[in-house]
Amino acid sequence: MGTLFETKFAGLNLSNPIIIASSGLTDTVDKNKELEKAGAGALVLKSLFEEQISTNAAALLIDGDYPESNDYILHYFKTNEVSNYLKLIQDTKEACRIPVIASVNCYRDDSWIEFAHQIEMAGADALELNIFALNTGLEEEIDLLGKTYIRITKKIKEAVHIPVIVKMGKYFSHPVSLVDQLHSAGAAGVVLFNRFYQPDIDINHLQMTSGHVFSSHTEISDTLRWTSIVSGKLPQVSIAAATGIHDWESIVKCILSGASAVQICSTVYQNGNEIIAQMKRSLEEWMVSMNFHSLDEFRGKLNQASIGDASLYERIQFVRYFANRD
Ligand SMILES: Cc1cc2nc3c(=O)[nH]c(=O)nc-3n(C[C@H](O)[C@H](O)[C@H](O)COP(=O)(O)O)c2cc1C
């Protein structure tokens, strides 16, 4: 396929735009080797969660009188979780030639600075921040989460030289200005969007339960809308589209919207690693049929800058669609 699929995301050179998203798909070196063999363009390793290195051990702590042993247990857990993760980075880097992106799921900045540096030393090509916090306090400042994103990105970027990528949630009042400020804070790229844990309710047992673990292909609409708007307004920011990308047509749509790469997860869980080669085959056939010789030739062709004011366009579509419905 030569240079047909080559792309650059967040300063990384990818032989094709398919990145395997952070998940249980990428938590061992053997799985990562198989994903590379299956044709992935890059991998995001399973996240290390802030709780794993800060409060994971709290559940095991002994109440009351043993502060020293508690300190020891906390230190032991932190060291072990971190060293296991660093080993996963090192081993995957040794085994694979494609870019390897480490991932941390965090909600504060302080505990990550040293760790981010260690991730860099272990050889990760980039670091993806999956910042997740539910701000539920009544007195909390509106847009606190966006400010948290910017603060963490800035601090982590001060600690590392490798590209820092921010995997964003989709619930922000001003996503475009947030991406702009993340870029100014040092983010080399953004992932639009993360898909968080989906809660549900079991009405027979009257308890909270887990909703759908995997996305559906219908979830791609927000991904396309915001990829198109952000890439139109901020062409200098590199975007990996994510959530709801289940087939090769979705990859085409994301690139037309302005993405440099895509992240996939659910479809690989559901269809196996073979889906990667199938997607690439169909993408190639489509590109040949459309006479495109590179992704750059059609990247952003349908983004907000190319189609005009998306907000106006979407309002007109909205009115047309809903105003005359019985
Ligand atoms: C089983 C499972 C585990 C996941 N673990 C992580 C994780 O550790 N870190 C992370 O950033 N995202 C995690 N995700 C989210 C995925 O990386 C991805 O963003 C999300 O599934 C949306 O992509 P998709 O529509 O292709 O599934 C996980 C998703 C699944 C289904």
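The values are calculated or read from the model by the stated rules, or taken from the named source; none is laboratory data. Predicted, not measured: the structure shown is a model, and the values here were computed from it. Methodologically, a virtual Cβ is constructed for each residue, glycine included, from the backbone with ideal geometry; neighbour enumeration extends over all protein chains shown. For accessibility, only protein heavy atoms count, side chains too; no ligands or nucleic acids. Shrake-Rupley method; radii C 1.70, N 1.55, O 1.52, S 1.80 Å.
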Count - residues of the range 93-122 that are away from the ligand (no atom under 15 Å from the Cβ) and either touching a helix residue (DSSP H, G or I) at 6+ places or on another chain (Cβ under 9 Å) or open to solvent by 50 Å² or more (accessible area, probe 1.4 Å) (or both)
19
Taking the condition in a helix (DSSP H, G or I), open to solvent by less than 20 Å² (accessible area, probe 1.4 Å) and either modelled with pLDDT of 95 or more or not hydroxyl-bearing (S, T, Y) (or both), does I19 pass?
no
Please specify each residue of the range 149-181 satisfying the condition of being of a type in the set (A, V, I, L, M) and either within 16 Å of the ligand (Cβ to nearest atom) or assigned to a loop (DSSP other than H, G, I, E, B) (or both).
I152, I156, V160, I162, V164, I165, V166, M168
Determine whether D222 is within 16 Å of the ligand (Cβ to nearest atom) and in a strand (DSSP E or B).
no
Residues that are acidic (D, E) and either assigned to a strand (DSSP E or B) or more than 22 Å from A240 (Cβ to Cβ) (or both), drawn from the range 104-145
D109, D110, E114, E128, E139, E140, E141, D143
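Any chance the range 197-213 includes a residue that's assigned to a helix (DSSP H, G or I) and either open to solvent by 50 Å² or more (accessible area, probe 1.4 Å) or of a type outside the set (S, T, Y) (or both)?
No; the residues of the range 197-213 include none that is assigned to a helix (DSSP H, G or I) and either open to solvent by 50 Å² or more (accessible area, probe 1.4 Å) or of a type outside the set (S, T, Y) (or both).
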If I filter the range 232-241 for residues that are more than 21 Å from V44 (Cα to Cα) and either touching a strand residue (DSSP E or B) at 6+ places or on another chain (Cβ under 7 Å) or part of a helix (DSSP H, G or I) (or both), do I get at least one hit?
yes
Give the range 33-52 a look and list any residue that's open to solvent by less than 20 Å² (accessible area, probe 1.4 Å) and within 14 Å of the ligand (Cβ to nearest atom), or say none.
L35, A40, A42, L43, V44, L45, S47, L48, E50
Within the range 123-139, can one find any residue that is away from the ligand (no atom under 16 Å from the Cβ), buried (at least 17 other Cβ atoms within 10 Å of the Cβ) and at pLDDT 95 or above?
yes
Quick check on my filter: what residues within the range 257-294 are among the hydroxyl-bearing types (S, T, Y), assigned to a loop (DSSP other than H, G, I, E, B) and out of contact with any Ser or Thr (no Cβ under 6 Å at 6 or more places or on another chain)?
S294
Pair list, Cβ under 7 Å, 6 or more apart: the range 295-323 residue part of a helix (DSSP H, G or I), other residue at pLDDT below 75
Q304/A310; I307/Y313
